[in-house]
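Just so you know, all these numbers are worked out from the coordinates, no wet-lab data involved. Computed from a predicted model, the values in this text were never measured in an experiment. FYI the Cβ positions are ideal-geometry reconstructions off the backbone, even for glycines, and counts take in every protein chain you see.
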Amino acid sequence: MRAQRLDEAAPFGAGPAASQAAIEQLGYVQIDTINVIERCHHHILYSRIPDYRRSDLAALQSADKSVFEYWTHALSYVSSADLSYFVPAMKVYRDKPSAWFGSVTKAEVSAMAKRLRNEGPLSIRDIDDDELVDKTHPWASRKPSKRVLQLMFYQGLVTISARQGMVKTYDLIARHFGWAANPRPATERQVTAYLLDRALRSQGVVSIDSICHLNAPAKKAVHELIEARVKRRLLVPVSIEGAEKVPHWATPEALDTVAPDGANRVHILSPFDPLIIQRKRLKLMFGYDHVFEAYVPQAKRKYGYFALPVLVDDRVAAVADLKTDRQAGKLLIQKWTALEEPGAETKAAIDAELGRFERFQLGSDN
């Protein structure tokens, strides 16, 4: 809870600097397309910044250029100070594009780079001279230019300089950041240390799986680094009740953290929140088994289409399937599942947070 900064009311303050600090603490903030309620990147920041405004994130990305978008375990916002750790992955895409981009030619990449140089930043909506093709995948586009831009994004040739909802504006990465020379790629050892340090900062107590979430190739090097740090007493082995056979570690300083007294602090968390996204870890730490049921047949859903865990202090006390009716100006509770019987004070705190959450959903700041 302390590592996730969910143990106090406003740990980062307010304004764009608060969003920057939150992204740096968490390591990355996931982006997702589902908009039954507010998209998860805004939701994650709102959960830690009571006065969060969507325009704060836009300012960091487009004006300050202190955050950028790239792939972690999913498309995410990351601090620009960490960009060098992603350059090796960009080089892999340049040297050997994945099969998903197999149809994109070097000539198409060169032509798009020239177009961006001549015309400036472009969104896919700005490109109206494509010859449309049939989709080969439900997530694909009929515009060939989109796949070219996506490949160039993964290759580190372009970056997303602005975002309006899910409409992305692309620019040449060097022009966007004003680089005289491209950043030096981090070494393999530096990337390994980055993965470990990012997890220690954002998770407090870590395991190999939690450090290398959806990144199995990194496990061997991370484990070797952990062993080296244990020998130097920079990390301490931790045994967790109920998971004694799964090795965990923490810094000595993290183990000195004192848990705050219960204050009926309520957080309505996104299913993509970093506290929630690692399901096995969530179940181990909180005794709550979350299933993302948007892809589960309706008849088999337990909590609902877009269920949100409701955290009260350090307990998942309920699960709410919420939907924003923007035309009616209301937040709709599709289904509410209580996991514990709330007292009067807890119920009042949940009701107050639901009201605040509704105001955030219907807010119109840019």
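Okay, here's what the table says:
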| quantity | calculated |
| --- | --- |
| The chain: Cα Rg divided by the 2.2 N^0.38 Å rule of thumb | 1.05 |
| Peptides ranked, highest mean first, by Cβ atoms within 10 Å: ranges 279-285, 24-30, 242-248 | 24-30, 279-285, 242-248 |
| Proximal lysines relative to Lys96, as straight alpha-carbon distance under 24 Å, when same-chain residues fewer than 8 apart are discounted | Lys106, Lys114, Lys135, Lys143, Lys146, Lys219, Lys220 |
| Proximal charge balance of Leu311 [Cβ under 11 Å; K/R count +1, D/E count -1] | -3 |
| Which of Ala318, Val291, Ala328, positive extreme of dipole for the chain (C-beta unit charges) | Val291 |
| Packing-based order for 254-260, 188-194, 305-311, using average beta carbon neighbours within 10 Å, highest first | 305-311, 188-194, 254-260 |
| Per-residue ³J(HN,Hα) for the stretch 170-183, Karplus 6.51 cos²θ - 1.76 cosθ + 1.60, θ = phi - 60°, Hz, x for Gly and Pro | 9, 9, 4, 5, 5, 5, 4, 8, x, 6, 7, 9, 5, x |
| Hz values of 3J(HN,Hα) by residue in the stretch 52-58 - Karplus curve (6.51, -1.76, 1.60), Gly and Pro given as x | 4, 10, 4, 5, 5, 5, 4 |
